[in-house]
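These notes concern the structure reproduced below.
Since every read-out is calculated from the coordinates, none of them should be taken as a lab result. These figures come from a predicted structure and were not determined experimentally. Here the Cβ positions follow ideal geometry from the backbone for every residue, glycine too, while neighbour counts run over all protein chains shown.
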Amino acid sequence: MTISETGHSTADKRFLNRAMSAPLLERDHELDLARRWRDHGDQRALHELCTAYMRLVVAIAARFRTYGLPMSDLVQEGNVGLMLAASRFEPERELRFSTYATWWIRSCVQDYILRNWSIVRTGTTAAQKSLFFNLRRLRALLRDPSDGGLSLENRARVAQTLRVGQADVDHMVSRLSAGDRSLNAPIGEDGDAEWQDLLPDSGPQPEDAMMLTRDRETRHAWLAQALSGLTDREKMIIRERRLVEEGVTLESLGQKLGVSKERVRQIEHQAMRKLRSALTCLVGDPEESGLIPSV
């Protein structure tokens, strides 16, 4: 790949030139840099190690330019993979860093493509990733004449080659054959309406929303009126034990009030009796109304 083929800004070209001209590392020096970074957090060692293999990031990112995403973004994601490789590399295994880093760089670039190639998630499982990145290559090898898809015979061959289900192949072929459509695209020639106007609203109708709001406010008023008949200590116990998503323990309340947890339980039981009595006068069955939980 030449720098002119990237079609990027002058700054991008300078970056790529520096990456491709960085000196290669000898095996022993490479392992020494990896140890200095892992054992001592040597930032200079990390910088030299990553700079030397920036060319690897550029080369891997260039392989995925045909997916229509900016080369600079692909390189940036590849750099993330390079840093992850540097943080996990084990020099004791006597493996070249470039061999280890290649997997991380490619994985990060591929994940980025899957996240951004379409507004609809294409797939995240290993089988779906394999399909996404190999389908076009296999179709070219099969020389399939189908327009925008694959013949049933070739779909079966792809499924067998990649060891995936034919249903997965059918879904991916359909997904890659259809482009994304904007919900703001006009309908018809006049363009008075958009596709998003046809989407059903899953929210409640205005009348139902008003009724829900009114019912909630009424229940709050009933509960506030019933609570007004409790002592301050009873109110605190009920609020912290019954009116929150995760109530506090009897022991913690006992420590706060300076009494035993058994005494807190007795006060709580007494307060709940008062609440039920007051709410029964207001609404009938407070538990059926959902105002207080049963105990």
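What nm distance separates the two modelled labels at Ser228 and Phe133, each placed 7 Å from Cα along Cα→Cβ?
Result for the modelled spin labels: 6.8 nm.
What FRET efficiency do you get for Glu245 and Ala22 if R0 is 41 Å and r is their Cβ-Cβ distance, rounded to the nearest 0.05?
With R0 = 41 Å, the Cβ-Cβ based efficiency is 0.15.
Mind giving me the nanometre distance, one decimal, between the label points for Arg88 and Lys13, set 7 Å out from Cα along Cα→Cβ?
Result: 3.7 nm between the two label points.
Output the peptides 216-226, 99-109, 61-71 sorted from most to least packed, where packing is the average of other Cβ atoms within 10 Å over each peptide's residues.
99-109, 61-71, 216-226
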